[in-house]
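The values are calculated or read from the model by the stated rules, or taken from the named source; none is laboratory data. Predicted, not measured: the structure shown is a model, and the values here were computed from it. Cβ atoms come from the backbone with ideal geometry, glycine included; neighbour counts cover every protein chain shown.
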Amino acid sequence: MQLIDGNAIAASIITELKSQVDALPGRRPCLALVRVGEDPASVSYVKKKEKTAADIGIESRIILPPVTISQAALETLIDDLNADPTVDGILVQSPLPKPLNELAVFRRIAAHKDVDGFHTLNLGKIAQEDDTGFVACTPAGVMELLARSGTDLNGKHVVVLGRSLIVGKPVALLALQKKAGANGTVTICHSGTTDLPAITRLADVLIAAIGRPEFVKSHMVKPGCVIIDVGINRVPDATKKTGYKLVGDVDFAGVSPLVSKITPVPGGVGPMTVCMLMQNTLKARRLSAR
């Protein structure tokens, strides 16, 4: 069994991106990070993105509107960033406090600055195999993990557990694309799927993104398959100082002896998401220079 080390792969990509940013003519790429409120996880995520940007040489602008900001004022702030020629990418950290309309805010971001890849136009470009769009960071990270671990999807049966707009649907579209590393035969499963284990056992590559801790058990996988575990779930653990531990959507201990390759949680898909955000920001900078 090969462990797909997301930390190591992410470190390699960061080194590559730094070299590419250093070689850019003119100004550095700029990423605007908008965080509303003091949600602890959001604070941590934005700090991680800021640090990674600094390591690569990307400028980050941290914008902290008051938690009381209105929908209209937040959308005006986004409009201003859209119009700013020195800002290449915009990310609004999720979740937004209620009653803010998160989807409306994401759609307000100009498609050519939507480095999170959530805009309707960018999702459509994936379906059209138009590489000028931006792929959502986690699905992009999944595809990088597969490629850099030597997993070619051509002719393989890829089963995706989950149909979210953030992971399930875009990663299925990416695996379907008629290009090197993809060209898989894709099945999407979800909460309404009948006899789920019968389908997951057909998978050459299983991508789990359903948000249910250790849901995928050994009887659900085909021996020798490749598993990408996108899930990050907190479960109680009295032995930890925090009182919890992180587990994926896959029962790692039970499943790993059966598979050929698998990502751990933590240390698998997670580190890739921030890397792909930086890669999208560099891409946005290059597109703006055309």
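Details
- Residue list for the range 187-209, filter: closer than 23 Å to residue 2 by Cα and in contact (Cβ under 8 Å) with a residue 24 or more places away in the chain: 200, 202, 203, 204, 205, 206, 207, 208, 209
- Residues satisfying the stated conditions in the range 17-54, i.e. acidic (Asp, Glu) and surrounded by 14 or more Cβ atoms within 10 Å (Cβ to Cβ): 39, 50
- Taken over the range 11-50, residues that are closer than 30 Å to residue 97 by Cβ and either of a type outside the set (Lys, Arg) or outside any loop (DSSP other than H, G, I, E, B) (or both) amount to 21.
- Candidate set: the range 77-106, residues that are among the β-branched types (Val, Ile, Thr) and assigned to a loop (DSSP other than H, G, I, E, B); chosen: the one nearest to residue 282 (Cα to Cα): 87
- Residue match in the range 231-251 (condition: in contact (Cβ under 8 Å) with a residue 60 or more places away in the chain, part of a loop (DSSP other than H, G, I, E, B) and among the aliphatic types (A, V, I, L, M)): no
- From the list 88, 39, the one residue that fits, being in contact with a Ser or Thr (Cβ under 9 Å, 6 or more places away or on another chain) and acidic (Asp, Glu), is 88.
- So residue 257, is it farther than 30 Å from residue 50 by Cβ and either assigned to a strand (DSSP E or B) or in contact (Cβ under 8 Å) with a residue 40 or more places away in the chain (or both): yes
- Every residue from the range 165-177 that is modelled with pLDDT of 95 or more and of a type outside the set (Val, Ile, Thr): 168, 169, 170, 172, 173, 174, 175, 176, 177
Condition check ((1) surrounded by fewer than 16 Cβ atoms within 10 Å (Cβ to Cβ); (2) out of contact with any strand residue (DSSP E or B) (no Cβ under 6 Å at 6 or more places or on another chain); (3) farther than 27 Å from residue 155 by Cα) across all residues:
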| residue | (1), (2), (3) |
| --- | --- |
| 202 | yes, no, no |
| 205 | no, no, no |
| 216 | no, no, no |
| 224 | yes, yes, no |
| 239 | yes, yes, yes |
| 249 | no, no, no |
| 253 | yes, yes, yes |
